[in-house]
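Q: The structure follows.
The values are calculated or read from the model by the stated rules, or taken from the named source; none is laboratory data. Small disclaimer: the values here were computed from a predicted structure and weren't measured. Backbone-built Cβ (ideal geometry, glycine too); neighbour counts: all protein chains shown. The protein model used for the area step is the full one, side chains on, heavy atoms only, and it has no ligands, DNA or RNA in it. Shrake-Rupley method; radii C 1.70, N 1.55, O 1.52, S 1.80 Å.
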Amino acid sequence: MQFKKLACCFFGMWVPLFLAPPCVQAATTVQADLVRKCIVIDAGHGGVDSGARSQQGDMEKDINLKIAEYLRDDLQQIGISVVMTRNQDMDLATQEDRANKHRHRGDLRGRLLRAKSVHYDAFVSIHCNADPSPVWRGAHVLYKQGDEKSKELAEIMMNAIREHLLPTQRDIKANQSLYLLKRLDGPAVLIEVGFITHPEELRLLKQPRYQKIIAYSLYEGLMRYFNSESTPSQRSTVSFSTLHG
């Protein structure tokens, strides 16, 4: 009980920072050849699959899609090609999948096929976390176990998340069972952007302002990843205020 009180006090002190207009220029480097990059953005769940739900009925699928759309817009603004596994409230299962009662697996297979239909440079799947206890909170990143490129991407994305989102004690985590991550080749991560079951975190996750900050964190992580081998002469800057005003 004492932990819950401390957590609530901590959120109460921190939350206003995210509601005020950004006053610090967050520098992001952009290479000239980034326009040749392709990012696949996967908004988790959709259609009849709501994903996690809050006690108030808020659905994970809706939050995931809004963040994915903001991230898409940020990337396209600098000329990066983006492929969305879904851009509306739907899943990717076929009628045959539904008839055979394999809707969930069919949906995942559809997302996999869409990603593999292009030559992508990074795959980002966006989700919200959930737990029966309302105490748990914080964003973190999962990657395919044994895949060094995905681990590198996960570490860079996690650092950007720590800088811009609510404080989290969570770290990146290797995974060998998630359907998409284990079947994808190339850098791929799954981002749990926060707990929909934590009251204060949920309140922020539903706000467009915070959704845009999440998207910017993922955007900046991708930029850092792609620029990790660039030289200073290839770099320019994009700021948070440029992206979201």
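Q: Quick one: which strands (runs of 3 or more DSSP E) lie wholly within segment 158-245 and hold at least 1 residues that are under 17 Å from the mean Cα position of the chain (by Cα) and modelled with pLDDT of 95 or more?
A: Once the strands (runs of 3 or more DSSP E) in segment 158-245 are filtered for at least 1 residues that are under 17 Å from the mean Cα position of the chain (by Cα) and modelled with pLDDT of 95 or more, what remains is 173-175, 188-195.
Q: If you take the residues in segment 37-62 that are within 17 Å of Tyr219 (Cβ to Cβ) and among the charged types (D, E, K, R), which one is most open to solvent (accessible area, probe 1.4 Å)?
A: So the first thing to find is which residues in segment 37-62 are within 17 Å of Tyr219 (Cβ to Cβ), and the list is 37-43.
Those left that are additionally among the charged types (D, E, K, R): 37, 42.
On the way: Lys37: 50, Asp42: 2 Å².
Per the stated criteria, the residue is Lys37.
Q: Then there is this: Evaluate the following for Lys5: is it modelled with pLDDT under 95, open to solvent by 70 Å² or more (accessible area, probe 1.4 Å) and among the charged types (D, E, K, R)? Show your work before the answer.
A: Numbers: modelled with pLDDT under 95: yes; open to solvent by 70 Å² or more (accessible area, probe 1.4 Å): yes; among the charged types (D, E, K, R): yes.
Spelling it out, Lys5 is indeed modelled with pLDDT under 95, open to solvent by 70 Å² or more (accessible area, probe 1.4 Å) and among the charged types (D, E, K, R).
Q: Mind checking which pairs have a first residue in segment 160-185 that is among the hydroxyl-bearing types (Ser, Thr, Tyr) and a second that is part of a helix (DSSP H, G or I), Cβ under 6 Å, 6 or more apart or different chains?
A: These pairs meet every condition: Tyr179/Leu108.
Q: Would you mind listing the strands (runs of 3 or more DSSP E) fully within segment 55-148 where at least 2 residues are under 12 Å from the mean Cα position of the chain (by Cα) and of a type in the set (A, V, I, L, M, F, W, C)?
A: Numbers: elements: 81-84, 122-129, 140-144.
Here the list reads 122-129, 140-144.
Q: In contact with a helix residue (DSSP H, G or I) (Cβ under 6 Å, 6 or more places away or on another chain) and open to solvent by 10 Å² or more (accessible area, probe 1.4 Å): is that true of Thr94 in this structure? Give the derivation first.
A: Working: in contact with a helix residue (DSSP H, G or I) (Cβ under 6 Å, 6 or more places away or on another chain): yes; open to solvent by 10 Å² or more (accessible area, probe 1.4 Å): yes.
Taking the combined requirement at face value, the residue satisfies it.
Q: Here is a further query. All but one of (1) open to solvent by 10 Å² or more (accessible area, probe 1.4 Å); (2) at negative phi hold for Leu165; which doesn't?
A: Only one criterion is unmet by Leu165, namely (1).
Q: Six or more apart or on different chains, Cβ under 8 Å: which pairs go from a residue in segment 197-209 that's over 15 Å from Asp62 (Cβ atoms) to one that's basic (Lys, Arg) and crowded, with 22+ Cβ neighbours inside 10 Å? Could you list them?
A: His198/Arg137; Glu200/Arg137; Glu201/Arg137
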